[in-house]
Amino acid sequence: MINAPSLAATAGRKVPHLMTLADLTVPQIDRVLLHAHHQRRFSLPWLAPFLLQKQDGEFKGKGKKSKEKREQLRMPSQSLFNKSVALLFSKRSTRTRVSAETSAVLLGGRALFLGREDIQLGVNESLRDSARVIGGMCQGIFARVGEHEEIEELAAHSPVPVLNALSSLWHPTQILADLLTLHDHAHLFNPTPPSSSSKPYVDLAPLPPLTIAWLGDSTNVLHDMLVTYPRLGHHLRVATPAKEAYQCPKPIRERVESLGLSIGEEEGKGPGHIVWTEDPRVAVKGADVVVTDTWISMGQEDEKAQRLCDFAGYQVTEALCKEGGAKENWAFMHCLPRKAEEVDDEVFYGPRSLVFPENDNRKWTIMALFDLLFGKWDLYPEMLAQKSESKED
């Protein structure tokens with residue numbers, strides 16, 4: 001009798017999952033970003049209006065330029081052909097849901113949206129049983145949950161890979177999209193032109209070490225920034241209100257420290273040290289990029305009045321960043337949805353804003369993860385290497 005768990009066992013592989021970017025090494029993060037860049041490059045021509053593709057004479061010609069154009073037109077990975085991905089969402093979503101559903105289609109598969117009103121989870125069926133049931137019929141689970149313990153339990157009992165779409169502690173797919181966006185706009189931060197050997201269709205533009213400022217709450221978005229940006233050589237400066245409720249949670253601080261990083265008020269200790277302050281002006285000092293997020297997350301609506309009071313002075317504005325000494329050409333990022341108290345219209349809709357390219361890149365980074373994690377089980381190549389070595393032994 002064949003079942004999903006026995007298939008994994010037969011393959012001789014441990015089921016891979018991704019909870020946070022802290023689970024990935026720097027080379028693995030770079031690999032995902034480059035893969036997202038390639039999948040975007042392969043996909044965009046197929047998403048253009050059909051008439052534009054058909055009428056482009058360069059694709060039909062016989063010259064060198066026409067040949068190059070034809071070679072660029074190739075299918076993205078089809079690793080999800082005939083496969084299904086379960087979107088297990090206990091929280092509403094726009095960007096994550098649309099990115100996931102459209103990514104699955106481009107990879108040749110299908111995404112099944114399973115909201116809290118659609119299935120038995122939490123009503124007549126436990127997380128453990130749901131993980132086994134869904135994992136027996138789908139080839140991956142993309143889960144957007146409340147408490148982080150929920151996705152850990154899903155991963156513990158799922159026979160297929162589980163990818164964290166968002167939990168109370170972590171938001172890995174958002175930071176991958178942010179990183180891809182920064183690479184796309186590397187020219188804003190690096191006045192040195194790319195070398196003649198670089199190929200814009202193949203290579204990601206290199207990023208110089210950046211100073212990235214965060215103004216706001218200690219949210220899941222910030223937590224994945226903490227374990228990612230310093231390891232990539234970027235300086236991270238954080239400002240949150242002084243109250244204990246807005247400080248870095250103990251499990252996050254411990255994970256940060258386990259990666260050889262540190263958090264404190266001290267200045268000038270290198271990219272491995274994260275500066276943490278309660279003054280937003282201190283945080284934006286020398287910033288190349290200023291980032292914020294919602295001050296009132298889902299489930300915190302009753303705290304709105306107090307939170308708005310606590311975050312007074314944290315709104316991202318031209319005046320704040322000038323007073324704090326941000327770089328002249330600083331850029332702005334926000335994971336969306338945005339509220340006016342977090343950033344004013346001048347910045348949000350102005351030339352500094354990267355929020356909509358950031359939004360678009362949610363699709364390509366999620367697509368890369370779906371391909372590597374769900375389609376190929378190849379997010380952690382060393383797992384395949386270990387399997388090959390065990391066979392040789």
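Would you check which residues across region 94-129 are at pLDDT 90 or above and outside any helix (DSSP H, G or I) and list them? Listed by number, the residues that qualify are 94, 107, 108, 109, 110, 111, 112, 113, 114. Against the list (1) at pLDDT below 95; (2) under 23 Å from the mean Cα position of the chain (by Cα), the condition residue 54 fails is (2).
Considering only residues of region 236-255 that are free of Cβ contacts under 8 Å to residues at least 40 places away in the same chain and not charged (D, E, K, R), which is nearest to residue 207 (Cα to Cα)? My answer is 236.
Could you look through region 95-125, keep only residues that are of a type in the set (S, T, N, Q) and either in contact with a helix residue (DSSP H, G or I) (Cβ under 9 Å, 6 or more places away or on another chain) or not assigned by the TED database to the domain that holds residue 371 (or both), and pick out the one that is farthest from residue 366 (Cα to Cα)?
Taking region 95-125 first, the residues of a type in the set (S, T, N, Q) are 96, 99, 102-103, 120, 124.
Then keep just the ones that are either in contact with a helix residue (DSSP H, G or I) (Cβ under 9 Å, 6 or more places away or on another chain) or not assigned by the TED database to the domain that holds residue 371 (or both); that gives 96, 99, 102-103, 120.
Details: 96: 8, 99: 7, 102: 10, 103: 7, 120: 26 Å.
Here the residue is 120.
Within region 235-246, being open to solvent by 10 Å² or more (accessible area, probe 1.4 Å) and either touching a strand residue (DSSP E or B) at 6+ places or on another chain (Cβ under 8 Å) or assigned by the TED database to the domain that holds residue 164 (or both) holds for 235, 237.
Every residue in region 140-163 that is under 21 Å from the mean Cα position of the chain (by Cα) and open to solvent by 40 Å² or more (accessible area, probe 1.4 Å), please. Steps first, please.
Pass one, region 140-163, residues under 21 Å from the mean Cα position of the chain (by Cα): 140-152, 154-155, 160-163.
If the condition is that a residue be under 21 Å from the mean Cα position of the chain (by Cα) and open to solvent by 40 Å² or more (accessible area, probe 1.4 Å), then 147, 149, 150, 152 are the ones that fit.
Among residues of region 130-139 being buried (at least 18 other Cβ atoms within 10 Å of the Cβ) and of a type in the set (Gly, Ala, Ser), the one that is farthest from the chain's Cα centre (by Cα) is 130. Residue-level analysis places residue 318 among those that are charged (D, E, K, R) and in contact with a helix residue (DSSP H, G or I) (Cβ under 9 Å, 6 or more places away or on another chain).
Within region 264-296, the set of residues being under 22 Å from the mean Cα position of the chain (by Cα) and either within 21 Å of residue 344 (Cβ to Cβ) or of a type in the set (A, V, I, L, M) (or both) comprises 274, 287, 288, 289, 290, 291, 292, 293, 294, 295, 296.
The values are calculated or read from the model by the stated rules, or taken from the named source; none is laboratory data. Worth saying up front: this structure is predicted, and the values here are computed from it rather than measured. Cβ: placed from backbone, ideal geometry, glycine included. Neighbour counts: every protein chain shown. Ligands, DNA and RNA are stripped out before the accessible areas are found, and what is left, the full protein with its side chains, is counted by its heavy atoms. Shrake-Rupley method; radii C 1.70, N 1.55, O 1.52, S 1.80 Å.
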